[in-house]
Amino acid sequence: MITTRYILAYFGTIICCLQMAGQTNAGSATTIEANDTIISGYTDLDEIIIEAKKELIKSDGATLTYDLEQDDTSKGTSVLEALKKVPMISVDGQDNIRIKGDSNFRIYVNGKEEPMLTANAKQILKAMPAESVSKIEVITEPGAKYDAEGTAGIINLITERKQRKDGYAGSLSANIGAADEGLSAYGRLKHNRVTADANVNYSDNELMKRSNVTRQETINLSGDDLYQTLQNFKQKYGFRYIGGGLNMSWEPGDKDLITLTGNVFSVNADLTQLSVNTRSFSKEGQLMQAYSQNANGRMENLGLNGSASYKRLFYRNSHYITAAYGFNYGKDLLALNYSNERELNAEMIPAYERNKTTGYTREHTVTTDYSQPIYGDTHLIETGIKGVFRRNTANSGQYYGNLPGELTENPDNISLTKQLQDIYAVYLSYSGSFNKIALKAGLRYEHTYMGMDFERGTGENYKRHLNDVAPNGAVTWLIGPATNLRLAYQMRITRPNLTQMNPYRLQIIQNEIRMGNPNLESERYHNLTLTYSNYGRIFGGNLALEGSRSDNTIEEYIYSDANILYHTYANIGHRQKIGLNGFLNVNITSNMSAGINGNIFYTSIKSGEGSLSNHGWNGSYGANFNYTGPWKMKYSLYGGQSTGDISLQGKWYGWYYYGIGLGKSFLQNDALTVALNASNFLTKYNYFKNKIETKDQYQRSSYGNPSWNVGISISWNFGHLSEQVKTTGANLENDDMKKGGKTGGGIGL
């Protein structure tokens, strides 16, 4: 039994804390006012239980966090499916990911980029179970401490978890559904000053392999005999994903911290069927050419990374120095085997073909950061140096012949390229507060030594030096305890990746070829954002007006020659963009919440010589509803829609998505959770349409993706450890490399 006096003293402290939290945190439990007579009417109490509802979404205007641990109905789905619920992120009908309508972004895991994950995001995130991630961060305003990247933002997947009890801790989960089935395991333990955690995740779609369908029409405006070409595609595939990680932290003293991390993931996909039926007609409608292709193949993605860091604290937590080393390795393989059936006037097409391309990425990063508070804790100076050393390789070849076992290498389409890129960076940043005004400013200088060697194939070796100065700044007016207005400017650069620079001609189908451009240079962006944020007890969200400009963007450039459509890249873009984006969360009751997010932008793109241009409005929205009913049953509804997007020579039409979820926890401390989920279940295929216009050709496509899913998952938490593996905060993020082409293409999962 506890005395009434103790209860009143204890509750007085809790009341003050809850009042402060209620002013700044959306989604908190109902606040207890100071004059509430809580104890009145109670004379015999054994214990007091106070429950606080964690926020599903938090944002400070520069970083948004979606807490997947609070979303039980996402269990049993993929990370790609979970991204559809995150404000500012959209996933189209071809599984391409965008932040505020822009596909130029980076993906990190626990604050460190994995280049292979960024390069193959939709394939890997579709296979990665949502249970492997605890939080999703969207960073839209990186400061000077980050690389001077020119992307729309950063998606940071946090896999570290915090359990609720003291002692060891762990969790096990399993799911099965129409899209995939998988297992996940996580564990953490601590001995004296050493803390370690490990996780492993497995997923595949062996029970129900998926198939995509595509219909494509190409009009050759300069030809009469082969004026119209109709193609029907069908693709069937199976995948297997396995990933794992290990994190360790050791505190040899009160002011020292040493950490070690290691992560690995692997995706193997078997293309069991790729059939293409091609028919070409004259301008008068007569059948002029016909052939069919059947292919099989495989795709492999392997990523490994590790890091070690040291942190030394001085007199305050914000006064420290860190040093770190990180290594990334990646392998990307695509191999396709074709057999071609020549039906009418297609003698030039070989009977058998083979395309194979293998890419390797190797990256070493060393960094040192120093943080110094001045004038108490209201002002902070940060500085650091960083070196990134990349050695990437791409080996590609095409083979053809009349017999499957007697293929000859095509000497005009082979490539062995080696890319080097050494980056030396230094930065200085300041942040401080003056009553209701907060300032942040920084300057970053980067020197890049880059080059490419062509050991096989055509191309001239080259080396070049680049110097970039990237300033940034932000001023925030604290209007009230939960309201602020933020004005921010950032200048970013984006370097081309190996895929965009590799000159190898990848010919997946007969009349389309994709190839890189070894002469690409870095993009430079100027971004200006004005954001209003308000987080109260019931309503919370922000609204941002933003604009960006770049005069040398890397654009996918498409041209036709001899009835073949070539896809390549060039620094020919003058891109301007202005628009609004925002989100709003409403805590209707303590058990019911809803949210909506959306954006609308006007984009103008012109080529350097002005011969190509495109412009238009595009927008998207997403909404979700969450309710905890009787017996702590959790219900979730979500959905969204987009008007599409534009490129220099094309347009993507709109798409939509929707889903429902049901979850229930059992046992003490809700240790066992069962969740049911279903998404896009009213149709077999979610269709995604686009068109491309060149001077000589017009092409439109309709891509059918089987995005429907119905599944169930079971997860069990055990143990009592509440302390997480600590991190030094050393900056090993490398986010400067540009993503691949926006149109998808190739073999997708």
Practice item. For residues that are modelled with pLDDT under 90 and in contact with a Lys or Arg (Cβ under 8 Å, 6 or more places away or on another chain), scanning just the range 582-599, find the one that is surrounded by the fewest Cβ atoms within 10 Å (Cβ to Cβ). Key: 590
Practice item. Answer yes or no: is there a residue in the range 271-282 that is at pLDDT below 90 and either buried (at least 21 other Cβ atoms within 10 Å of the Cβ) or among the hydrophobic types (A, V, I, L, M, F, W, C) (or both). Key: yes
Point to revise | Qualifying residues in the range 458-501 (those that are surrounded by 21 or more Cβ atoms within 10 Å (Cβ to Cβ) and β-branched (Val, Ile, Thr)) - the one modelled with the lowest pLDDT | key: 499
Check your understanding: Which of the following residues is over 29 Å from residue 235 (Cβ atoms) and either out of contact with any Phe, Trp or Tyr (no Cβ under 6 Å at 6 or more places or on another chain) or open to solvent by less than 50 Å² (accessible area, probe 1.4 Å) (or both): 297, 306?
Key -> 306
Practice item. Scan the range 387-417 for residues that are charged (D, E, K, R) and open to solvent by less than 20 Å² (accessible area, probe 1.4 Å) and jot them down. Key: 390
Review point. Got a number for residues in the range 607-652 being crowded, with 20+ Cβ neighbours inside 10 Å, farther than 18 Å from residue 689 by Cβ, among the polar types (S, T, N, Q) and more than 22 Å from the chain's Cα centre (by Cα)?
Key: 2
Point to revise | the range 341-372: number of residues that are out of contact with any Phe, Trp or Tyr (no Cβ under 9 Å at 6 or more places or on another chain), surrounded by fewer than 18 Cβ atoms within 10 Å (Cβ to Cβ) and assigned to a strand (DSSP E or B) | key: 2
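Select from the range 600-626 the residues that are farther than 29 Å from residue 639 by Cα and either outside any strand (DSSP E or B) or of a type in the set (A, V, I, L, M, F, W, C) (or both) and write down the one among them that is modelled with the highest pLDDT. Before you say what the answer is, go through the steps one by one.
Step one: of the range 600-626, the residues farther than 29 Å from residue 639 by Cα are 605-614.
Filter again for either outside any strand (DSSP E or B) or of a type in the set (A, V, I, L, M, F, W, C) (or both), leaving 605, 608-612.
Working: 605: 91, 608: 74, 609: 68, 610: 66, 611: 79, 612: 87.
The selected residue is 605.
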Exercise for review: Would you check if there is a residue in the range 542-550 being over 30 Å from residue 483 (Cα atoms), more than 22 Å from the chain's Cα centre (by Cα), open to solvent by less than 10 Å² (accessible area, probe 1.4 Å) and of a type in the set (Gly, Ala, Ser)?
Suggested key: yes
Check your understanding: When you scan the range 665-675, how many residues do you find that are in a strand (DSSP E or B) and either open to solvent by 80 Å² or more (accessible area, probe 1.4 Å) or touching a Lys or Arg at 6+ places or on another chain (Cβ under 7 Å) (or both)?
Key -> 5
Check your understanding: Among the residues of the range 682-698, which ones are in contact with a Leu (Cβ under 9 Å, 6 or more places away or on another chain) and either farther than 17 Å from residue 214 by Cα or modelled with pLDDT of 90 or more (or both)?
Key -> 694, 695, 696, 697
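The values are calculated or read from the model by the stated rules, or taken from the named source; none is laboratory data. Treat the numbers as computed from the prediction; the structure is a model and nothing was measured. Cβ atoms come from the backbone with ideal geometry, glycine included; neighbour counts cover every protein chain shown. Surface areas here come from the heavy atoms of the whole protein model, side chains and all, with no ligands, DNA or RNA. Shrake-Rupley method; radii C 1.70, N 1.55, O 1.52, S 1.80 Å.
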